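Enquirer: My structure is below; once you've seen it, I'll send some questions.
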Amino acid sequence: MAVSERPVRRRRDYDGTSPFPGAGEHVPAGRSQTALTGAIVIAPFAALGAVIYLAWGHGAALTDLLLAAAFYVVTGLGVTVGFHRLLTHGSFTARPWLRVVLAVAGSMGFQGNVIDWVAVHRRHHAFTDRPGDPHSPYRYGTSLRGQLRGLAHAHLGWLFTDDQTSAERYAPDLLADPAMTRVARAFPALCALSLALPFAAGWAIAGTLYGGLTAFLWAGLIRIALLQHVTWSVNSLCHLIGSRPFKTRDHDRATNLWPLALLSFGESWHNGHHSEPTCARHGLDRGQIDPSSGVIRLFERLGWASDVRWPDPERLRRHRTGALSPAGD
């Protein structure tokens, strides 16, 4: 877990348009990591083919869709509220039991153990769209060919490279937290639970093995695939397409992409987030749907969350660009 990424050369010389130094020097991940990552990526698509076959002429059961929605919300909020806003950025302080619950829920989203997830995301913020960013779509430059290649890298390709992030450097606070280290060690078991619970619920509700199987496919594998690709789209599309109403650091091209707002629980207001990384609300303008911030607000009112960092109107005014400029301007 505590491994160091390879040294990044000439970060200060990056001009914002050229390929990153050494961009083509990919070191592929080991066979075991490649096989495991490939299985996690491919299996849900195989499940999609299976449900199309099973539902042909019958349609999907309402129970399966409701279970899929329920597990999507729980695991998705575990990632956005727990992994991201609480543990990565400290947007609020949660009671210890809630901190663990959110970390467990996020772990069931099949996106890596909590400590590694936080370390990678903090590294992304440290070097956004510059050499050192583990999943920038600008890795291969700003030409059309480079951006298409970079889009594939940012969305999925980076998972298959040996570019590990040091948890000791980027997440020492979580390594020092016994509760978080236990949740991280339990990641494989929590993934298994994330698939077993939909199967058990479907079997219990339908009363048949077939009901358990279809729930496993819809609320297990397909739900995981959707959540993964929405998260990966924030890494890729939300740095290429959309508006940039707020100033960010040099070379940081994070954008707001409204079509993903609901599915991502507000994470696709990415320009707002990169402008104010520790803010508990990412949708900084009126009318921007941000379900994650609504959940944090509920936690605050229940007394489960404190020290919530809500938007500061004066800071937003200073950070506003004054125009909704397209990405890359």
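Enquirer: In sequence order, what are the phi-derived ³J(HN,Hα) couplings for the stretch 198-207 according to the Karplus relation 6.51 cos²θ - 1.76 cosθ + 1.60 with θ = phi - 60°, rounded to whole Hz, with x for glycine and proline?
Expert: Karplus values, whole Hz, x for Gly and Pro: x, 4, 5, 5, x, 5, 5, 6, 7, x.
Enquirer: What net charge is computed for the residues neighbouring residue 261, neighbours being all others with C-beta under 12 Å from the C-beta of residue 261, Lys and Arg scored +1, Asp and Glu -1? Mind showing how you got there, number by number?
Expert: On the way: positive: none; negative: 267, 285, 290.
That sum, taken over residues with Cβ under 12 Å, equals -3.
Enquirer: Below 8 Å between Cα atoms, with a sequence gap of 6+, how large is the relative contact order for the chain in percent?
Expert: So the answer I get is 22 percent.
Enquirer: What is the set of long-range amide H partners of residue 246 at a cut-off below 5 Å, with H atoms built 1.01 Å from backbone N?
Expert: Those lying under 5 Å, H to H, from residue 246 are 321.
Enquirer: Taking H as built 1.01 Å from N, whose amide H comes closer than 5 Å to the amide H of residue 161, not counting residues under 5 places away?
Expert: For residue 161, whose amide H was placed from the backbone, the distant partners under 5 Å are 29.
Enquirer: Based on the Cβ-Cβ distance of residue 17 and residue 310, what FRET efficiency does E = 1/(1 + (r/R0)^6) give at R0 = 45 Å, to the nearest 0.05? Could you put the intermediate results ahead of the total?
Expert: Numbers: r = 36 Å, r/R0 = 0.81.
According to the calculation, E is roughly 0.80.
Enquirer: Once phi is turned into θ = phi - 60°, what whole-Hz ³J(HN,Hα) does the Karplus curve with 6.51, -1.76 and 1.60 give for every residue of the stretch 167-178, x standing for Gly and Pro?
Expert: Each residue's phi maps through the Karplus curve to give 5, 5, 7, 9, 9, x, 5, 6, 4, 8, 9, x Hz.
Enquirer: Right, another one. What are the residues whose amide H is under 5 Å from the amide H of residue 305, where those residues sit 5 or more places off or on another chain and H is modelled from the backbone?
Expert: Close amide H contacts, sequence-distant or interchain: 300.
Enquirer: From the list (i) 28, 21, 21; (ii) 38, 24, 22; (iii) 32, 24, 21, can you say which value of semi-axes √(5λ) of the Cα gyration tensor in Å was derived from the structure given?
Expert: Working out semi-axes √(5λ) of the Cα gyration tensor in Å from the coordinates points to (iii).
Enquirer: Along the charge dipole of the chain, Cβ charges K/R +1 and D/E -1, which of 106, 194, 280 sits furthest on the positive end?
Expert: It is 280.
Enquirer: Under the definition of Cα pairs under 8 Å and six or more residues apart, what whole-number percent is the relative contact order of the stretch 249-321?
Expert: 24 percent
Enquirer: If packing is taken as the average number of other Cβ atoms within 10 Å across a peptide's residues, how do 193-202, 45-54 rank, most packed first?
Expert: 193-202, 45-54
Enquirer: Test of understanding: what is the full-extension gain from residue 319 to residue 278, defined as 0.36 nm times their sequence separation minus their Cα-Cα distance?
Expert: Length gained between residue 319 and residue 278: 13.3 nm.
Enquirer: Of the residues 309, 286, 169, which exhibits the maximal mean-square fluctuation in a Gaussian network model of the chain defined by a 10 Å Cα contact cut-off?
Expert: The residue with the greatest mean-square fluctuation here is 286.
Enquirer: Find how many whole Å separate the alpha carbon centroid of the stretch 121-182 from the alpha carbon centroid of the stretch 63-102.
Expert: Between the Cα centre of the stretch 63-102 and that of the stretch 121-182, the gap is 21 Å.
Here, each number is a calculation from the coordinates, and none is a lab measurement. Note that the structure is predicted; figures quoted are calculated from it, not measured. Quick reminder, even Gly has a Cβ in these numbers, built from the backbone with ideal geometry, and neighbours come from all protein chains shown.
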